[in-house]
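Following: one structure in structure tokens, then a few remarks.
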Amino acid sequence: MNLIDVKNGLTVKILAVSVENKDLLKKLGDLGIKIGATVKCEKNSGGVIVSANNVLVALNKDVASKIEVYLCE
Amino acid sequence: MRIVLTGNPNSGKTTLFNALTGSNERVGNWHGVTVSVLKGKVKLSGKLHEVYDLPGLTSLNGYTLEEKSAAEFLKKGDYDLIINVIEASRFSVALNLTEELFALRKPIICLVNMSEDLERLGGNINYNILADSGLVFKKTDLRYKSRVKKIFERCLVEDFTKVNGEPNKFDRVMALKAFKSPKNIFTKTDKILTNAAFSTLIFAIAIAVSFYLSFGKFGIGKILSDLLITTVVKAGDIVENILRQNNANDFTVRLIVEGVIGGVGSLLGFLPPLFLLNFFLCYLEQSGLIARISFVFDGFLSKFGLNGRALFALITGFGCTTISILMTRGLENERVKHRLILGLPFISCSAKFVVYLYIASCYGSVFAFLLTVSIYLFGFILALAVSFMDVKLLNENYSPFIMELPILRLKCLKNTVKPLLNSVKQFIIKVSTIILAVSIVTFLLGSINFKFEYLPSNRIDESILSFFGQGVSLILKPIGVNDYKIGSALISGLFAKEAFISTLASLNYDYSLTIESAIAILSFVAFYPPCLTALGAIRREAGVFQAVYCFLFQTAFALLFSYLVYFLCKRLTVLLLFIFLTALFIFAVKVGNKNEKFHCKGKN
């Protein structure tokens, strides 16, 4: 599943980030959104707010739908 | 020594730069406030140093245009010391950039700022452990200007000797051990403020309240403004009496009373509403609310080929068009940037706000309030419409949007006051320099003819100004304006929009406009080309072609739009009849369609 499918407030682990733009991919990595990272999600109508590496990162639906995750226990 | 200030966005670099160099560069609680490399000088321990403030960046690769320019500067290596400013609560992320800076093999001092935010959220940094990481980390508090220079001086004296030369090692794992992360950075308030419905409602209420307080009938801005204007008029009368009693010649009396006091003084009366409107804008920026609102509005703006980050520029446009154009550098997509620059001149800046109040107030405060709000709203809609047309013409796809949300600081009155006072200071400087110069030049041109002979006030129609003003007013004839004074004011408005008012005041304009003409002329002012500084900013950011295009397009649009507004206002009955007939037609078509469906169903 991708980030948009995750329920509010759940913590997930990132499986894959399939963003084509290399600069954007690097930027996401710099902010802690990379394969293997554990992030907490907060959904809203704009997209998903991810709490990763002590930073709040707002991702719109376009970007959030390209991040594959699985639920952590 | 050449010192470069760098670090992640929103870590406090420009605050440090301002404190060191005495500058008044823009600061705010959101990412991408600084969009270009700033240069200043500071004297510390008797030595003069050059200081460079770079736009914030998360890595040396850079994603947005301003991040790329900062990365380029750092990679060139044309400096002696790096000051890496780190926001304490984002310490772990800042270590990515710190590691990359370490690889540049230049002396580095890391200043850890805003520790109080981290502690408030339940985290902390152990500086004893951090000392073993190989780099110099110093806990600082950049909020207090008086302390900053001392801290920095100590940094250069004590720490620079330690770090002089290439740093030997940086143990990132050790540095991370020193950091105890905060428990939960996504607070309940954050949850509420990023809720689309709630934040839209808050935003709408905040705008309505700030507009009402600024210039509503019983708003404090209006009351204070009236008081100031009366004082200026009285001061003008007193000065005139004194000058006449002392046998000053007519030219001197008119120059001082009409040119200086009338021109410049008339603008000072608008300081209170401007102050209140700017307070609202500054609070949005300093509290971190603007970043949350921009995320909420991303989906909406994407329909117009823009993204959430564009909201920073759009809202800044309410304050100053030039700054908002420069802000577009924070956008990662060059096409989105150009599209936004096309729309920004439609947003009414605070200088135009003063013009609206000046003209519209003559027809009552309720009318002024409604007309000003309508122009603002319509300008915003037009800015979006221009972007929409551009995106449709190019048939572009929606661009991705990511943004770091800064820590929310709702109790930030102290931080709000600083940029607010700065904006007021800038207004007063502008009034006492550019506007004063334009007022005096306007007065002089209005007092002499082409033979350079002085003309008394009853022969002003023969002046040079009258000649040019009449030329401009020719195109305004269709909207019922046949006055060289308005034409002259429009010309001087190209230098600075406030000069529109100072010109009218120095020419003793008598408000002979009908209400329809007043609405039409304000529609023209709202959408005619921005001031020359803003056009210069467009040329710098998007090229000469776009600057020329903006000038021609805005002039043509403003003219046609003002004609249309005048026509509709004059023929209000025709307009209402047209709306009624259109509504009737749509209703008839819809009913017809329903009947058709019903018959089709019946047949089936």
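Each reported figure results from applying straightforward, stated rules to the coordinates on display, with no laboratory input. Keep in mind that this is a model prediction, so the values were computed, not measured. Positions of Cβ are backbone-derived with ideal geometry, glycine not excepted, and every protein chain shown enters the neighbour counts.
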(request) Report, to the nearest 10°, how far helix B:145-154 tilts away from the longest principal axis of the Cα atoms in chain B, using its own Cα long axis and a range of 0 to 90°. (result) 30
(request) Distance from a point 7 Å along Cα→Cβ of B:Ile220 to each backbone N in the stretch B:243-276: keep the residues under 13 Å and list them by number. (result) B:272-276
(request) Evaluate peptide A:21-32: per residue, the Cβ atoms of other protein chains within 10 Å of its Cβ; return the mean as an integer. (result) 6
(request) Take the alpha carbon atoms of chain B, find their radius of gyration, then divide it by 2.2 N^0.38 Å using N residues; give the quotient. (result) 1.12
(message) Sort A:48-58, B:145-155 by the packing proxy (mean of other Cβ within 10 Å over each peptide's residues), most packed first.
(response) A:48-58, B:145-155
(request) Could you tell me which of B:Val51, B:Leu74, B:Thr34 has its Cα farthest along the dipole of the stretch B:34-95 towards the positive end, charges placed at Cβ (Lys, Arg +1; Asp, Glu -1), taken about the Cα centre? (result) B:Val51
(request) At most 15 other Cβ atoms within 10 Å and a DSSP loop assignment: could you name the trypsin sites (Lys or Arg not before Pro) in chain A that fit? (result) A:Lys7
(request) In nm, give the distance between the simple-model label positions of B:Ile192 and B:Lys41, each being 7 Å from the Cα along the Cα-to-Cβ direction. (result) 5.1
(message) Report the gain in length on full extension from B:Phe251 to B:Phe300: 0.36 nm times residue separation, minus Cα-Cα distance, nm rounded to one decimal.
(response) 11.9 nm
(message) Inside 10 Å of the C-beta atoms of B:47-59, what's the mean count of C-beta atoms belonging to other chains?
(response) 1
(request) With a point put 7 Å past each Cα toward its Cβ, work out how far B:Arg147 is from B:Asp237 in nm, to one decimal. (result) 5.3
(request) Might you report the magnitude of the Cβ-based charge dipole of the stretch B:363-449 about its Cα centre, with Lys and Arg at +1 and Asp and Glu at -1, to the nearest 20 debye? (result) 520
(message) Cut-off under 16 Å on the C-alpha distance; same-chain residues fewer than 8 positions from B:Lys39 excluded. Which aspartates and glutamates are left, in chain and number order?
(response) B:Glu25, B:Glu50, B:Asp53, B:Glu66, B:Glu72, B:Asp78, B:Asp80
(request) Report the extension gain between B:Ala131 and B:Phe388 in nm, rounded to one decimal, defined as 0.36 nm multiplied by the number of residues separating them, less their alpha carbon distance. (result) 87.1 nm
(message) Over the Cα atoms of chain A, each weighted equally, I'd like the Debye log10 I(q)/I(0) at q = 0.13, 0.22 Å⁻¹, rounded to two decimals.
(response) -0.29, -0.89
(request) Determine the dipole magnitude for chain B: charges of +1 sit on the beta-carbon of Lys and Arg, -1 on that of Asp and Glu, nothing else is charged, the reference point is the Cα centre, and the result goes in debye to the nearest 20. (result) 1260
(message) Which residue, B:Ser492, B:Leu568, B:Phe467, has the largest displacement toward the positive end of the dipole of the stretch B:457-579 when charges sit on each Cβ (Lys, Arg +1; Asp, Glu -1)?
(response) B:Leu568
(message) Going by Cα centres, the stretch B:19-83 and the stretch B:455-489 are how many Å apart?
(response) 49
(message) Quick check on chain B: helices-only [θ] at 222 nm, where DSSP H runs of length 4 and up contribute -39,500 (n - 2.57) each and the sum goes over total residues. Nearest 500, please.
(response) -18500 deg cm²/dmol
(request) Compute the long axis of helix B:91-102 from its Cα atoms, compare it with the longest principal axis of the Cα atoms of chain B, and write down the angle in degrees, 0 to 90, nearest 10. (result) 80
(request) Return a whole-number percent for the relative contact order of the stretch B:371-514, with Cα pairs under 8 Å and 6 or more residues apart as the contact set. (result) 16
(message) I want to check the label-to-label distance for B:Thr533 and B:Glu72. Put each point 7 Å from Cα in the C-beta direction and report it in nm to one decimal.
(response) 2.6
(request) Distance check, please: which entries in B:Lys75/B:Lys414; B:Lys41/B:Lys138; A:Lys26/B:Lys337; B:Lys43/B:Lys430 exceed 25 angstrom between their Cα atoms? (result) B:Lys75/B:Lys414; B:Lys43/B:Lys430
(request) Averaging sequence separations of C-alpha pairs under 8 Å and six or more residues apart, then dividing by the length of chain A, give the relative contact order as a whole percent. (result) 45
(request) Determine ³J(HN,Hα), in whole Hz, for all residues of the stretch B:251-260 in sequence, where each value follows from phi through the Karplus function 6.51 cos²θ - 1.76 cosθ + 1.60 and θ = phi - 60°; x replaces Gly and Pro. (result) 4, 4, 4, 5, 4, 6, 6, 7, x, 8
(message) From Cα pairs below 8 angstrom and at least 6 apart in sequence, can you work out the relative contact order of the stretch B:26-98, rounded to a whole percent?
(response) 23
(request) Given a cut-off of 27 Å, name the pairs among A:Lys7/B:Lys392; B:Lys149/B:Lys177; B:Lys139/B:Lys169; A:Lys27/B:Lys183 whose C-alpha atoms lie farther apart than that in the structure shown. (result) A:Lys7/B:Lys392; B:Lys149/B:Lys177
(request) Could you point to the residue in B:Asn18, B:Leu5, B:Ala291 farthest towards the positive end of chain B's charge dipole, with +1 and -1 charges on the Cβ of Lys/Arg and Asp/Glu respectively? (result) B:Ala291
(message) About the Cα centre, and with charges only on the beta carbon of Lys, Arg (+1) and Asp, Glu (-1), how big is the dipole of the stretch B:1-154? Nearest 20 debye, please.
(response) 600
